[in-house]
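The values are calculated or read from the model by the stated rules, or taken from the named source; none is laboratory data. Here the structure is a predicted model, which means the values were calculated and not measured. Cβ placement follows ideal geometry from the backbone for every residue including glycine, while neighbour counts extend to all protein chains displayed.
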Amino acid sequence: MNGLAQPGQERQGHVALVYCTPATRDERLAEFVGTGLQRGERVVLMADADDHTWQVPLALRGVDTSGAARDGSLTTLDPPGFYPAQGQAALVDRMLETGCPGLRLAAHAEAALGYLGEAGYRRVEQEMEHLCATRPVTLLCQLQAGTALGDEPVPFLPAVIDAHRHALHGPCVTIFRFPHGVHLTGALDLDCGGLVEAVLRRAGQDAAADGVRTETIEVDLAELDFMDVAGFRALLRGTAQWRGRGGTLVLTGAHGLVGRVIEIVGGEGRGGVVLR
Amino acid sequence: MTPYTHEALFFPSSGALLDAAVPWLREGLQVGEGAVLVCTEDNNTALAAALGEDPRVLVLPRAAVYRKAVDAVAFYHDLVTGRVSAGQRRVRLLGEVGFDTRPQGHDEWRRFEAVCNHALAPLPLWSVCAYDTRALPGPLLDTAWLTHPWLRADGVRTLNGAFIEPARLLMGLRRPLDPPAGAVSTVSLTQPGELPELRRWLRAKLDAAPAGAQAADDAVLAVDEVAANGLRHGRPPVEVALWLTPTHVVCDITDHGTGIADPLAGYAPPDPLQLLEGGAGLWMTRRLCVDVATAWTPTGFTVRLTVG
C-alpha cells in the first residue's frame, strides 16, 4: 500500500507529497482530487487564474475536471487568494459554509514559500494543522525534490518536513513523525532513501533542541514491507550525527525481508544502533 | 590483537594429523585461546578424544559451516567475534575441505580459501587447513598451495612461495555465462523511481515459481539490490532478464558501466561502523544467492544471480 490513504483511512488531513517526477505528482494529485469529488467535497487547487496546465494530467487520469469546474466543486485560487491576509480560517470557514461535507486543498510548497517566505509558510502551515484537526479539511502540499539516497537536498525540504509531521509521502514510502521517532509504511529503497535520511536528520535536531534530554530516536519498521541496503543506509546516515553525540537509534518491528536485511548486513548492537 | 593467520597442513594419515594438530591446539588452550574443530566426523572424534574431551573445544560437523564461501566466512566471522567478546584472546581453528567434490565444489572451495585471507584478515583467528594427501583429488591439493600464505610441517610455520594474491586467483575462476536455460522475461530501468515497479514485476513472475516462497523473497531483494547498484554506480539502462528452472530462479542484471572491478567485492562482512560508505549490498546479495557470477560483454557488465 504505497498510495495515499484510502477514503476513510486517512490518519490526518494534513499531508505532504515529495516527488521527483511530474508523473508521480499527477498520479497522487488525481487520486486526491478524485476521492474528494467522489465524496461531494469541494476541491481547491492553488494555481494562477490563467494557468490551466493542471487540467490535462488530471483528466487523463479519469478526473472529470470540466464537469467539476462547471458545477463549482473544483476551483483554483492564486497564492494571494489561497493565503488571504485574514488567515486560513476565514477562507476555510467561508467555503465550508456552502454546505459541502468537506474541503480539499492542494498547493505547491515552492509557490507557497515563494509567496509567504519561510517564516510565513511555517505560520500558515501551523494554522492549517489546527484547521485540519478541527474541521473536515484535507490539505496536500506538494514539493518537487530529489528523494533518492545521495540526491542534493533542496532548500525548502526542511520547512516542508517540519510542517508535515503526520504524513509525509515519498514516492513509495510514507513517513509519520511522533515524539522522538518516525513510523514508516510502504517501501524504503534507494529511491526514497534521501527523503527518509532528511527526515531523520530533522528528528535528531529536534531531539537535540528538546529541553528534556532524549537519548533515543525510534524508527518503527512494523508496517514497512521492503527495505534494501540503500534504505538501511539511509536510517544510519540520517542518525549518524545524532549517534555521534551519544544518541541511540532504536529499530522496532523489523520483520520479513526488512528483518533479513538487518540480520545479514549487521550493524545491530554497535555504533549506537539497537534492534528491538 | 594478533590478526588472521592462515596455514595449510598436508597429512598422509589420521595419525599424522593428530600428531601435528593436537599439540598445537593444546598449546592454545593452555594460554586461554579457543579451539574449534571442523573436520571429517572420524577426525573430529579422534581429535576431541586426544584433547581429553575438553569442554572448551568446539566440535562442528562440516555440513554446518560449509554451504558456500560467503556463508562460511559469515559463520567464522560471527564465531570469532563472539568468542572474542566472551574474553578469548584468539581462536585456533582446524578445518578440512568441506564443499562438495564436484568441479563446481572445487571452484567454490578455492574461492573460499582465497577470500578468507581478505575477509577474515582483521580477526584474531589462527586457522590450520588440513589436506588429506591420500584422499583428496589433485585440484584440491593445488588449492591448498595457492591459497595459504603459510605452510605448517613438523610443528613449524614456513612461508609458502606458491601463494597467489586472492584477487588474482579469483579473476582466474571467472567463467563465461551459459546462455539462459528457460523462457526469458525482460524489463528495463533507467532511474531509481522504477525500482518499485521492478519489484512488483518480479513478485508477479515469481508468485508461482517452483523454487518456492523463500527463493522468491530472496530473489526480489537480491535483484533490487543489484539493479539499484547498476543505476547508482553503473550506466543506465539497467536490463533485467529472468528465467525459472525447476529448482532455481536465475536473473541477469546488465548495465552499461564499467562493472565491479574488484573480484573480492562483497566477500567480506561489512563493518557496521563503515556501513555509511557502501559495499554492503554485494555482501547481502552473495548471502542471499546460491551463486553470483559476473561477466563483461561487448555491450555491458552482467551480474548473474542464482537463487533457490
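Would you confirm whether or not the stretch A:219-227 contains a residue that is within 12 Å of another protein chain (Cβ to nearest Cβ), surrounded by fewer than 19 Cβ atoms within 10 Å (Cβ to Cβ) and not in a loop (DSSP other than H, G, I, E, B)?
There is at least one residue in the stretch A:219-227 that is within 12 Å of another protein chain (Cβ to nearest Cβ), surrounded by fewer than 19 Cβ atoms within 10 Å (Cβ to Cβ) and not in a loop (DSSP other than H, G, I, E, B).
Taking the residues in the stretch A:236-276 that are loosely packed, with under 15 Cβ neighbours inside 10 Å and assigned to a loop (DSSP other than H, G, I, E, B) as candidates, determine which candidate is nearest to the other protein chains (Cβ to nearest Cβ).
Among those that are loosely packed, with under 15 Cβ neighbours inside 10 Å and assigned to a loop (DSSP other than H, G, I, E, B), it is A:270.
Can you tell me which residue within the stretch B:108-134, out of those that are of a type in the set (D, E, K, R) and under 20 Å from residue B:40 (Cα atoms), is surrounded by the most Cβ atoms within 10 Å (Cβ to Cβ)?
Within the stretch B:108-134, the match that is surrounded by the most Cβ atoms within 10 Å (Cβ to Cβ) is B:113.
So which residues in the stretch A:175-195 are within 14 Å of chain B (Cβ to nearest Cβ) and closer than 13 Å to residue A:227 by Cα, if there are any at all?
Scanning the stretch A:175-195 gives A:185, A:186, A:187, A:188, A:189, A:190, A:191, A:192, A:193.
For the subset of the stretch A:141-190 comprising residues that are among the β-branched types (Val, Ile, Thr) and assigned to a loop (DSSP other than H, G, I, E, B), which member is nearest to the chain's Cα centre (by Cα)?
A:147
Among (1) in a helix (DSSP H, G or I); (2) surrounded by fewer than 19 Cβ atoms within 10 Å (Cβ to Cβ), which single condition is residue A:121 missing?
The single condition residue A:121 does not satisfy is (2).
Among all residue pairs at least 6 apart or on different chains, which show Cβ distances below 6 Å where the first residue, located in the stretch A:150-166, is outside the structural domain of residue A:121 (by TED's automatic domain parsing) and over 19 Å from residue A:237 (Cα atoms) and the second is modelled with pLDDT under 90 and crowded, with 19+ Cβ neighbours inside 10 Å?
Between residues of the stretch A:150-166 that are outside the structural domain of residue A:121 (by TED's automatic domain parsing) and over 19 Å from residue A:237 (Cα atoms) and residues that are modelled with pLDDT under 90 and crowded, with 19+ Cβ neighbours inside 10 Å, there is no close pair.
Conditions tested, residue by residue: (1) facing chain A (nearest Cβ under 10 Å); (2) within 21 Å of residue A:185 (Cβ to Cβ); (3) in contact (Cβ under 8 Å) with a residue 24 or more places away in the chain; (4) buried (at least 20 other Cβ atoms within 10 Å of the Cβ).
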site: B:188; (1), (2), (3), (4): no, no, yes, no
site: B:192; (1), (2), (3), (4): yes, yes, yes, yes
site: B:205; (1), (2), (3), (4): no, no, yes, no
site: B:218; (1), (2), (3), (4): yes, no, yes, yes
site: B:230; (1), (2), (3), (4): no, no, yes, yes
site: B:236; (1), (2), (3), (4): no, no, yes, no
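Taking residue A:105 as meeting all but one of (1) crowded, with 21+ Cβ neighbours inside 10 Å; (2) farther than 19 Å from residue A:202 by Cβ; (3) out of contact with any Ser or Thr (no Cβ under 9 Å at 6 or more places or on another chain), write down the number of the exception.
Result: residue A:105 fails condition (3) only.
Taking the options A:191, A:206, name whichever one is crowded, with 22+ Cβ neighbours inside 10 Å and acidic (Asp, Glu).
A:191 is the lone residue from the list that is crowded, with 22+ Cβ neighbours inside 10 Å and acidic (Asp, Glu).
Surrounded by fewer than 19 Cβ atoms within 10 Å (Cβ to Cβ), in contact with a Pro (Cβ under 7 Å, 6 or more places away or on another chain) and closer than 22 Å to residue A:132 by Cβ, is that true of residue A:39?
yes
Are there any strands (runs of 3 or more DSSP E) wholly within the stretch A:11-114 with 1 or more residues that are hydrophobic (A, V, I, L, M, F, W, C) and more than 30 Å from residue B:192 (Cα to Cα), and if so which?
Answer list for the stretch A:11-114: A:42-46, A:74-77, A:103-108.
Before we move on, is residue A:230 at the interface with chain B (Cβ under 10 Å from one of its Cβ atoms) and either surrounded by 17 or more Cβ atoms within 10 Å (Cβ to Cβ) or among the acidic types (Asp, Glu) (or both)?
In short, yes.
Quick test of your reading of the structure: residue A:238 fulfils all but one of (1) touching a Leu at 6+ places or on another chain (Cβ under 6 Å); (2) over 23 Å from residue A:261 (Cα atoms). Name the failing condition by number.
Just one mismatch for residue A:238, condition (2).
Hey, residue B:176 hits all of (1) within 21 Å of residue B:295 (Cβ to Cβ); (2) in contact with a Ser or Thr (Cβ under 8 Å, 6 or more places away or on another chain); (3) assigned to a loop (DSSP other than H, G, I, E, B) but one; which does it fall short on?
Going through the list (1) within 21 Å of residue B:295 (Cβ to Cβ); (2) in contact with a Ser or Thr (Cβ under 8 Å, 6 or more places away or on another chain); (3) assigned to a loop (DSSP other than H, G, I, E, B), residue B:176 breaks only (2).
Which ones in the stretch B:286-308 are within 14 Å of another protein chain (Cβ to nearest Cβ) and among the basic types (Lys, Arg)?
B:286, B:287
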